[in-house]
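Colleague: What follows is a single structure, and I will ask about it in a moment.
The values are calculated or read from the model by the stated rules, or taken from the named source; none is laboratory data. Model, not experiment: these values are computed from the prediction. Because the Cβ atoms are built from the backbone with ideal geometry, glycine has one as well, and the counts that use them run over all protein chains shown.
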Amino acid sequence: MTLYSIQNKNAWEYNAYDFWLREAGTPNERARKIKADPIGALKRYADYFDTYKNVKIANICGSCGKKAVPLAVMGADVTIFDISEQNRRYALELAEAAGVHIEYVVCDVLQIDMDQYRNTFDIVFMEGGILHYFHDVHHFMHIMSLLLKHDGKMICSDFHPFTKISDLLEFEQPSMSYFSADVFEAEMAHARFFEEEVRSQMPKCSLRKYTMSEIVNAVIQSGFVLKKLDEHPAWTNPSIPGEFTIVAHK
């Protein structure tokens, strides 16, 4: 595990379970909402799935299971790869409360056991802003390609690179030149929801933000065929882009 992965793991295991209880409710409460409307729980990402039943999905940095569990409710075979034991605890409790099974592998995504998982999945899916946790987007995309079966699909939804030059999603993170390749330290996105006494003690993450061309070129150069690139409005201002989604096939 890289030094920056260890740093990010420490950050993601600091009060994460308690945060999900505060933000998402208890696993039983969250499960009731998911079972009542699993498509709604997927939000816009439902548009990128053709089917769910018996589809093998790798949910990359799947966190607390908020997307993996509705996918499982609809019949998908879901494996989460995530670095946080506290995220795993909440996700497995959520899956149990929803009456479904998910596999949860706690690891550095860049060190997934390829003897076990190479060419395994029909879909690799990620959302919620994860690329900035990895300092080499080309290596990251190569790992995604290895996980997929032939003709498998990647759905990658992330924060729009415009967030490099403006805190347009109000995460209270520093802005920089759009073309900066600097690695920097910043609070986790949910740190701002804690009282100052706790917030001041929370470990920081080591981050690297990318331009759109860096992301798209990493996808193409990792052997994917780019099928779609959508841009989505920021939740803080619908007139500017806040997120994007790439769909690509192996």
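Colleague: Among the listed residues H150, H142, H135, identify the single one that is touching a helix residue (DSSP H, G or I) at 6+ places or on another chain (Cβ under 8 Å), within 24 Å of F81 (Cβ to Cβ) and not aliphatic (A, V, I, L, M).
Modeller: On the way: H150 fails: touching a helix residue (DSSP H, G or I) at 6+ places or on another chain (Cβ under 8 Å); H142 fails: touching a helix residue (DSSP H, G or I) at 6+ places or on another chain (Cβ under 8 Å).
Answer to the selection: H135.
Colleague: Residues of segment 24-45 being surrounded by fewer than 16 Cβ atoms within 10 Å (Cβ to Cβ) and either of a type in the set (F, W, Y) or under 17 Å from the mean Cα position of the chain (by Cα) (or both), which ones?
Modeller: Of all residues in segment 24-45, those surrounded by fewer than 16 Cβ atoms within 10 Å (Cβ to Cβ) come to 25-26, 28-29, 32-33, 36-37, 39-40, 43-44.
Selection gives K43, R44.
Colleague: Further question: If I go through segment 200-222 residue by residue, how many of them are out of contact with any Pro (no Cβ under 9 Å at 6 or more places or on another chain), surrounded by 15 or more Cβ atoms within 10 Å (Cβ to Cβ) and either of a type in the set (K, R) or at pLDDT 90 or above (or both)?
Modeller: Matching residues across segment 200-222 total 11.
Colleague: State all residues of segment 66-91 that are part of a helix (DSSP H, G or I) and either surrounded by 24 or more Cβ atoms within 10 Å (Cβ to Cβ) or touching a helix residue (DSSP H, G or I) at 6+ places or on another chain (Cβ under 9 Å) (or both); if no residue qualifies, say none.
Modeller: First, pick out the residues of segment 66-91 that are part of a helix (DSSP H, G or I): 68-73, 85-91.
Correct list: A68, V69, P70, L71, A72, V73, E85, Q86, N87, R89, Y90, A91.
Colleague: Could you list all residues from segment 1-24 that are more than 16 Å from Q86 (Cβ to Cβ) and not polar (S, T, N, Q)?
Modeller: Correct list: M1, L3, Y4.
Colleague: Applying the selection to segment 87-111, what residues are in contact with a strand residue (DSSP E or B) (Cβ under 8 Å, 6 or more places away or on another chain) and more than 16 Å from W12 (Cα to Cα)?
Modeller: Across segment 87-111, the qualifying residues are L92, I102, E103.
Per-residue answers, yes or no, for (1) among the charged types (D, E, K, R); (2) crowded, with 19+ Cβ neighbours inside 10 Å:
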residue: V100; (1), (2): no, yes
residue: D136; (1), (2): yes, no
residue: K149; (1), (2): yes, no
residue: C156; (1), (2): no, yes
residue: V183; (1), (2): no, no
